[in-house]
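A short worksheet on the structure shown next.
The values are calculated or read from the model by the stated rules, or taken from the named source; none is laboratory data. If you're wondering where the values come from, they're calculated on a predicted model, not measured in any experiment. Cβ placement follows ideal geometry from the backbone for every residue including glycine, while neighbour counts extend to all protein chains displayed.
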Amino acid sequence: MKDLGTDDTAWQRNVMGNTKRLAFSTGAWALTMALANFGPVFLWSGDKLWTILAILLNTALGVVMIIVNKQQLQSLDEMQQRIQRDAMGITLGVGLVAGLSYSSLAINNVIPGDAEISVLVIIMGLTYMITVLLVSRKYR
């Protein structure tokens, strides 16, 4: 746990700064994801060079987002790190099990159409948010 007093204020500012950087990098990554997916349709009529450049930009910003996320997690106190670790672990497990089950359903034509990655992203996002809330209540 961090010391209370003036160090606590500096620590809080550090956490807030890291959280803002994470929000900015996540937003930038999400915008470039939209650019990579909608740009070929609405902006450059399927030109492969622009599409590849947009995907490379999205990938690069994804790597930046991962690095900033790691820095943000390292700036948290032990309890907050544990909450995040628990939520991420459960989300990984749910994503893996649900994703493979969903894919199997689509491969075996149990569900109509193909398995869409967006469904898995929604499941993982909801799992993460719910788990953070539940685990946070556990540690209060």
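Looking across the range 22-52, the residues that are over 19 Å from Ile117 (Cα atoms), without any contact (Cβ under 8 Å) to a residue 40 or more places away in the chain and of a type in the set (S, T, N, Q) come down to Ser45, Thr51. When Asp8 is tested against the conditions (1) over 13 Å from the mean Cα position of the chain (by Cα); (2) closer than 25 Å to Val121 by Cα; (3) not assigned by TED's automatic domain parsing to the domain that holds Arg140, the lone failure is (2). The requirement of being within 13 Å of the chain's Cα centre (by Cα) and among the small types (Gly, Ala, Ser) is not satisfied by Ala98. For the range 80-123, what are the residues that are more than 17 Å from Asn69 (Cα to Cα), touching a residue at least 12 places away in the same chain (Cβ under 8 Å) and not β-branched (Val, Ile, Thr)? Selection gives Gly95, Ala98, Gly99, Tyr102, Ser103, Ala115, Leu120.
Yes/no matrix, rows are residues, columns are (1) surrounded by 12 or more Cβ atoms within 10 Å (Cβ to Cβ); (2) of a type in the set (Ser, Thr, Tyr):
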| position | (1), (2) |
| --- | --- |
| Phe38 | no, no |
| Ser45 | no, yes |
| Leu53 | yes, no |
| Val68 | yes, no |
